[in-house]
Structure formats: C-alpha cells, structure tokens
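*Asks:* I have a structure here, written as structure tokens, and I will follow up with some questions on it.
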Amino acid sequence: MMHRPIAQSMTNGETVMASADIEAPPEHIFRALIGKEVEQWWGSAHTNRVLDWSADLRVGGHWTVVVRTADGRDLPAGGEFLEIEAPRRIVQTRAYAWDHPTLGRRQTTVAWLLEPVAKGTRLTICHGGFAGLRAAATEHAEGWGRMLTSLQAYVEAGRLSAA
C-alpha cells in the first residue's frame, strides 16, 4: 500500500481544492473518472451514491449523472466537457438539475488533474464558481474529500478495472 495522507480538501469560500495520492497509474484513474465504473466507487449507501452515469467524452460533449441520496431521493446533474487531455486533465462544467440548498442551479467548473507520482497518481480537483456562496464551497469541499477517499478505497481493494 502507498504511504500517503488521506484525501485532503479545502476551500477559500470561492474555490475548492482537493487532492489524494492513489495507487494506480493515471490511465486507470482517468478511466475510473469518466467511464461507467464511476457507478461502482462514487459514494456510499450512507451518503450519496451514483446510480447512472453517461458521458460523451469529447470537447463539447455532455455528461449526466443521477445520484441517490441516503434518504432515497434521485438528484440529477450534468454539464459539458471543456478540455480533455487523456490521461492528464479533464475540465468540465457542472450544474444541478434541481434546486440545491446552498448552490441552487448555478453552473460551476471542475478541473481534474492527474499527475504521475512514484507509486501511482496524484489526483487534484479544482472546483470553482462558488463566489458569494461560502456554505456551498464548504459543503462541496467536504464532498470532494469523501469522493477521493471512496476512490482510494476502491483502488486499494483491488477493484479498479485495468482495461
């Protein structure tokens, strides 16, 4: 196992930064982020769990997701891919298709940066667009920390697809 700190996340109230070292090559992590495998590792029954994921992985392509909450509500979201540099970088817009309590339907931008490190990949997430919505930024920082921890556990349990 890789000796690394657990996933870290923080916000300045306008932008969220989260990062974790994951014991798998960038190509494998990239596929786990954009493929149907995301339904296997994102979230848990105690928080939010991805039910349905689809992505047209090209600049200008759209993605959609449906997340089920612990209390059984289905919450859709989606956006557009702005930049794709496989397996190093993904930039996409993101907006909820429902009235999120702290963010509403505001569109934000998420950048995923995958950097090779000695025993795997450093995955860094930069999520911007929270200006004026500090509570939303704080909530999303906590969520990104949980997401990275979930991905780490999935990889370390040997369930990440190598295909």
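What follows draws every value from the coordinates through simple rules; no lab data is involved. Small disclaimer: the values here were computed from a predicted structure and weren't measured. Every residue, glycine among them, receives a Cβ derived from its backbone with ideal geometry; neighbour counts consider all protein chains shown.
*Asks:* Rg and Dmax of the range 21-83, using alpha carbons, in Å: what are they?
*Replies:* My reading of the Cα-based Rg and Dmax gives 12.8, 35 Å.
*Asks:* Taking the Cβ of each residue in Val117, Val91 as the centre, tally the other Cβ atoms inside 10 Å and list the residues starting with the fewest.
*Replies:* Values: Val117 14, Val91 17.
So the residues, fewest neighbours to most, are Val117, Val91.
*Asks:* Identify the trypsin sites (Lys or Arg not before Pro) of the range 83-163 meeting these criteria: DSSP loop state and at most 11 other C-beta atoms within 10 Å of the C-beta.
*Replies:* Those that pass, being in a loop and sparsely packed, are Arg105.
*Asks:* On full extension of the chain, what length is gained from Met17 through Ser161, given 0.36 nm per residue of separation minus the C-alpha to C-alpha distance? Could the numbers behind the result be given before it?
*Replies:* Numbers: separation 144, 0.36 × 144 = 51.84 nm, distance 2.62 nm.
Separation in residues times 0.36 nm, less the Cα-Cα distance, equals 49.2 nm.
*Asks:* Give the angle, between 0 and 90 degrees and rounded to the nearest 10, that separates the Cα long axis of helix 134-156 from the longest principal axis of the Cα atoms of the chain.
*Replies:* In the chain, helix 134-156 runs at an angle near 30 degrees to the longest axis.
*Asks:* Looking at the range 40-130, which GluC sites (Glu not before Pro) are in a loop (DSSP not H, G, I, E or B) and have at most 12 other Cβ atoms within 10 Å? Don't skip to the end; give the middle numbers.
*Replies:* Working: sites: Glu80, Glu83, Glu85; in loops: none.
Hits after loop and neighbour filter: nothing returned.
*Asks:* I need the peptides 16-29, 40-53 ranked by packing, meaning the mean over residues of other C-beta atoms within 10 angstrom, with the highest value on top. Mind showing how you got there, number by number?
*Replies:* Values: 16-29: 20.9, 40-53: 15.6.
In descending order of packing, they fall as 16-29, 40-53.
*Asks:* While we're looking at this one, here's another question. Under a Cβ-Cβ cut-off of 13 Å, what is the net charge of the residues other than Ala135 that fall near it, where Lys and Arg count +1 and Asp and Glu count -1?
*Replies:* Numbers: positive: Arg106, Arg134; negative: Glu14, Glu139, Glu142.
After counting each charged neighbour, the total is -1.
*Asks:* Follow-up question, since we're still on this one. Could you size up the charge dipole of the chain around its Cα centre, putting +1 on the beta carbon of Lys and Arg and -1 on that of Asp and Glu, and report it in debye to the nearest 20? List each step's numbers first, then the result.
*Replies:* Details: 17 positive and 18 negative charges, 15 e Å.
It works out to roughly 80 debye.
*Asks:* Quick one: what are the phi-derived ³J(HN,Hα) couplings along the range 90-102, Karplus 6.51/-1.76/1.60 with θ = phi - 60°, whole Hz, x for glycine and proline?
*Replies:* Taking θ as phi minus 60°, the curve returns 9, 10, 8, 7, 8, 8, 7, 9, 8, 8, 4, x, 10 Hz for the range 90-102.
*Asks:* Please compute the net charge surrounding Gln92, taking Lys and Arg as +1 and Asp and Glu as -1 over other residues with Cβ under 9 Å from its Cβ.
*Replies:* On the way: positive: Arg94; negative: Glu80, Glu83.
Once all neighbours under 9 Å are counted, the net charge is -1.
*Asks:* Same structure, new question: What are the ³J(HN,Hα) couplings of the range 47-63, residue after residue, when phi is run through the Karplus curve with 6.51, -1.76, 1.60 and θ = phi - 60°? Round to Hz, x for glycine and proline.
*Replies:* 10, 10, 10, 6, 9, 9, 9, 9, 8, 9, 6, 7, 4, x, x, 9, 10
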